[in-house]
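Input: a single structure, listed below in structure tokens.
Please treat every number below as a calculation from the coordinates, not as lab data. Bear in mind that the values here come from a model prediction, so they are computed numbers and not experimental data. Heads up, the Cβs are rebuilt from the backbone with ideal geometry, glycines too, and the neighbour counts pull from every protein chain shown.
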């Protein structure tokens, strides 16, 4: 059985939390495609050329504990605008999406570029302030020395770069279901997503 759930949205909107929960609920495999770009970004920070970093990406690279740092996130957003980097990672993502047993992929261009024929497409969003507050709390809990203002500026900068890039800009697919999590708890957002997937499988 092949069933693909494509979940897109800007940084810190909750798509990762929702994607993992949906995958667990239905027994689907899950791929955080942002980790692919973070892994490439980490390699670039280590001295590799972006395209070579993408072409030599190994599944083990996704286990790097440093992939969630702000520095790597910034590098990931920068390499993601390079068309050759995106092309190198497309085949990996499409193969994962059509695996037997179902798959959930979350990222920026899953429903529009990677899996335009996905059985379910969600676009998860929230206000910039709300997303910045979530990211600020997450980073602070990890002991990182950040301010809300800095995190908000970073969120807005990433939004602008993701939405305005020439290659696969961040935009909701025409047939995607919009899920605004600004005023939803994680449990409420997950429940809403599960309901949408259940309806599509009925």
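Observations, loosely collected:
- Test for residue 91: is it crowded, with 20+ Cβ neighbours inside 10 Å, assigned to a helix (DSSP H, G or I) and over 15 Å from the mean Cα position of the chain (by Cα): no
- Every condition in (1) loosely packed, with under 15 Cβ neighbours inside 10 Å; (2) without any contact (Cβ under 8 Å) to a residue 24 or more places away in the chain is met by residue 84 except one, and the failing one is (2).
- Hits in segment 93-102 (condition: in contact with a helix residue (DSSP H, G or I) (Cβ under 7 Å, 6 or more places away or on another chain) and under 14 Å from residue 113 (Cα atoms)): 93, 94, 97
- Members of segment 189-202 found to be over 18 Å from residue 133 (Cα atoms) and assigned to a helix (DSSP H, G or I), listed by number: 190, 191, 192, 193, 194, 195, 196, 197, 198, 199, 200, 201
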